[in-house]
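S.K.: Take this structure, written in structure tokens, and hold onto it; I'll ask about it next.
The values are calculated or read from the model by the stated rules, or taken from the named source; none is laboratory data. Please read all numbers here as calculations on a predicted model, not as lab measurements. Here the Cβ positions follow ideal geometry from the backbone for every residue, glycine too, while neighbour counts run over all protein chains shown. Just so you know, the surface numbers come from the protein's heavy atoms only, side chains and all, with ligands and any DNA or RNA stripped out. Shrake-Rupley method; radii C 1.70, N 1.55, O 1.52, S 1.80 Å.
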Amino acid sequence: LTAFLKKGENVNRSLKIVESFCKIENYLLSVFDEQEKTYHLKELNENAEAKGCEKVTPGNIKTIINYWAVKNWIRRKNLEHSRNHFALAFLSPKGKLKEKTEKRHALAKFIIDYLYEQNRAYLQNESAGEVLIEFSVYGLKTAYETSQLLFKDEVTTGDIEDTLFYLSRIEASFLLPSLRSLRTRKPER
């Protein structure tokens with residue numbers, strides 16, 4: 001796989017993007033019901049902001065909802081009478097989704113740290129605006145398993161692929177153009 005890391009940007013910018021989306025996801029998990037219910041996008045945005053979600057926008061909320069829908073974690077219906085209203089219901093128990101998001105958040109932070117650390121010297125010496133980084137899903141899995149992190153979860157290559165797809169969707173400061181095919185994988189339940 002390949003990623004483009006922007007020269008001059010450091011790992012902290014990408015990590016802040018991930019942390020911001022983590023907060024938004026956690027907020028949405030606390031608000032959404034397992035039963036289908038109608039929600040107002042702008043109201044969700046205002047409430048998320050009031051709850052301390054930094055850099056929340058209707059677009060960021062839509063990104064998360066779209067990601068969850070692609071992963072088949074939720075069923076979402078746009079309502080005809082308003083583009084700001086939608087109906088949503090979880091397709092899995094909320095607790096299971098919470099576990100998946102927590103695992104993905106930890107893995108996302110690890111992947112960002114790993115990619116930047118593995119290529120720090122190259123990023124500092126490169127004159128181009130973006131640096132092409134090559135890596136493998138298996139290499140990331142192995143690096144995670146051999147890392148010195150405490151309380152790390154067991155991960156599969158599917159977890160790594162899912163997290164890379166998530167990072168590309170939230171535009172965590174690097175582009176992963178070779179990950180488009182990950183979207184077509186069978187959803188995990």
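S.K.: Please pick out the residue among 72, 26 that is touching an Asp or Glu at 6+ places or on another chain (Cβ under 9 Å) and either at positive phi or assigned to a loop (DSSP other than H, G, I, E, B) (or both).
M.R.: None of the other options fit; the residue is 72.
S.K.: Select, from 47, 119, 66, the only residue that is touching a Leu at 6+ places or on another chain (Cβ under 9 Å) and open to solvent by 20 Å² or more (accessible area, probe 1.4 Å).
M.R.: 119 is the lone residue from the list that is touching a Leu at 6+ places or on another chain (Cβ under 9 Å) and open to solvent by 20 Å² or more (accessible area, probe 1.4 Å).
S.K.: Now for a separate question. Can you tell me which condition residue 103 does not meet? The list is (1) of a type in the set (Lys, Arg); (2) assigned to a loop (DSSP other than H, G, I, E, B); (3) under 18 Å from residue 15 (Cα atoms), and all the others hold.
M.R.: (2)
S.K.: Could you grab the pairs with beta carbons closer than 8 Å, sequence gap of 6+ or different chains, first residue in the stretch 59-71 and in contact (Cβ under 8 Å) with a residue 60 or more places away in the chain, second one surrounded by fewer than 17 Cβ atoms within 10 Å (Cβ to Cβ) and among the acidic types (Asp, Glu)?
M.R.: Taking only residues 6 or more apart or on different chains, the pairs are 71/188.
S.K.: Now a separate question. Could you pull out the residue among 132, 182, 176, 140 that is out of contact with any strand residue (DSSP E or B) (no Cβ under 8 Å at 6 or more places or on another chain) and at pLDDT below 80?
M.R.: 182
S.K.: May I ask you to say which residue of 25, 54 is open to solvent by less than 50 Å² (accessible area, probe 1.4 Å) and acidic (Asp, Glu)?
M.R.: 25 is the lone residue from the list that is open to solvent by less than 50 Å² (accessible area, probe 1.4 Å) and acidic (Asp, Glu).
S.K.: Oh, and also: Determine whether residue 78 is of a type in the set (S, T, N, Q), touching a strand residue (DSSP E or B) at 6+ places or on another chain (Cβ under 8 Å) and more than 30 Å from residue 141 (Cβ to Cβ).
M.R.: Here the answer is yes, as residue 78 does meet what is asked.
S.K.: For the stretch 6-13, does any single residue satisfy the condition of being out of contact with any strand residue (DSSP E or B) (no Cβ under 8 Å at 6 or more places or on another chain), in contact (Cβ under 8 Å) with a residue 24 or more places away in the chain, open to solvent by 40 Å² or more (accessible area, probe 1.4 Å) and farther than 24 Å from residue 115 by Cβ?
M.R.: For the stretch 6-13, residues out of contact with any strand residue (DSSP E or B) (no Cβ under 8 Å at 6 or more places or on another chain), in contact (Cβ under 8 Å) with a residue 24 or more places away in the chain, open to solvent by 40 Å² or more (accessible area, probe 1.4 Å) and farther than 24 Å from residue 115 by Cβ: absent.
S.K.: Follow-up. Restricting to the stretch 84-99, name every residue that is open to solvent by 40 Å² or more (accessible area, probe 1.4 Å) and in contact (Cβ under 8 Å) with a residue 40 or more places away in the chain.
M.R.: Answer for the stretch 84-99, where residues must be open to solvent by 40 Å² or more (accessible area, probe 1.4 Å) and in contact (Cβ under 8 Å) with a residue 40 or more places away in the chain: 85, 91, 93, 94, 98.
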